[in-house]
Amino acid sequence: MPQKRRGFTIVELLIVIVVIAILAAITVVAYTGISDRSQNARKSSIASQYVRLLEMHKLENGTYPASISDSYPGGGETCLGSAGDYAAVDGYAAGDCLRSADNTYLVGSSTALRTALSKYGTLPTSTYAITMLGTESWRGFRYAYFTSTKEARIEWIAKGPDTKVCGLGSGANYWGNTWCTLRLSPSGP
């Protein structure tokens with residue numbers, strides 16, 4: 001009488017391993033998408049909080065605050081957030097939120113802007129993981145005020161190509177990510 005086999009054949013084990021690997025891959029892709037959407041929603045919320053602070057400043061002072069960074073006063077742009085948001089890491093100097101690959105284009109934070117906006121409420125934490133946009137790497141929000149037109153704008157990078165993630169702002173797809181721009185005009189957002 002033939003003996004009963006116990007256990008599984010190698011083919012059966014391989015099929016189980018392949019099924020588990022496929023399920024794991026689906027889970028990782030789904031998690032990454034959910035994580036990116038969550039980060040993008042957070043960024044859009046932070047931008048909206050800054051709009052509120054900037055509008056309160058404009059209401060009291062008649063204009064948006066200047067955008068002069070401590071590190072690069074001639075640049076005309078500055079990082080939004082507190083000094084602790086932008087530590088020196090991964091080639092960034094302390095206080096910088098944006099830089100080009102060759103370090104010829106840098107945007108730093110502004111003590112004067114933080115002081116002006118903190119008068120109207122708590123500044124949200126503005127840094128996020130470094131995101132590449134072509135040759136530029138971003139890790140926060142860039143703010144610019146144009147004295148000639150009295151317009152201001154907030155810019156940030158959202159992960160993925162979906163331009164709807166910019167909330168109230170407009171978006172443009174570059175290199176697989178979205179460059180969000182929220183323009184503030186003299187008459188309001």
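Would you kindly state the longest site-free stretch of the chain, with sites defined as trypsin sites (Lys or Arg not before Pro) in a DSSP loop (not H, G, I, E, B) surrounded by at most 15 other Cβ atoms within 10 Å?
Details: sites that count: LYS4, ARG5, ARG6, LYS119, LYS150.
The longest uninterrupted stretch comes out as 7-118.
Please work out how much length the chain gains when fully extended from TYR120 to ARG42, using 0.36 nm per residue of separation minus the C-alpha to C-alpha distance, in nm with one decimal. Walk me through the intermediate numbers first.
Numbers: separation 78, 0.36 × 78 = 28.08 nm, distance 2.06 nm.
Going from the current span to full extension adds 26.0 nm.
With only Lys, Arg, Asp and Glu charged, each at its Cβ (+1 for the first two, -1 for the last two), find how big the charge dipole of the chain is about the Cα centre; round to the nearest 20 debye.
Numbers: 18 positive and 14 negative charges, 149 e Å.
The calculation lands at about 720 debye.
Under the rule of -39500 (n - 2.57) per DSSP H run of 4 or more residues, summed and divided by the residues of the chain, what mean residue ellipticity at 222 nm is obtained, to the nearest 500 deg cm²/dmol? Don't skip to the end; give the middle numbers.
Values: 2 runs with 60 residues, N = 189.
The per-residue figure over the chain is -11500 deg cm²/dmol.
Looking at segment 10-184, how many pairs of lysines come closer than 19 Å at the Cα, when each pair is eight or more places apart or spans two chains? Provide the component values of the computation, followed by the final result.
Numbers: LYS43/LYS159; LYS43/LYS164; LYS58/LYS119; LYS58/LYS150.
So the count of such lysine pairs works out to 4.
For ARG5 and ALA101, calculate 0.36 nm times their separation in residues minus their Cα-Cα distance, and state this gained length in nm to one decimal. Mind dumping the intermediate values first?
On the way: separation 96, 0.36 × 96 = 34.56 nm, distance 6.30 nm.
Full-extension gain reported as 28.3 nm.
Given labels modelled 7 Å from the Cα in the Cβ direction, how far is it in nm from LEU23 to ALA129?
Distance between label points: 2.6 nm.
The numbers here are math on the coordinates, done by the rules we state, and not lab data. All values reported here derive from a predicted model rather than from experimental measurement. Cβ coordinates were reconstructed from backbone atoms using ideal geometry, including for glycine residues, and neighbour counts include every protein chain displayed.
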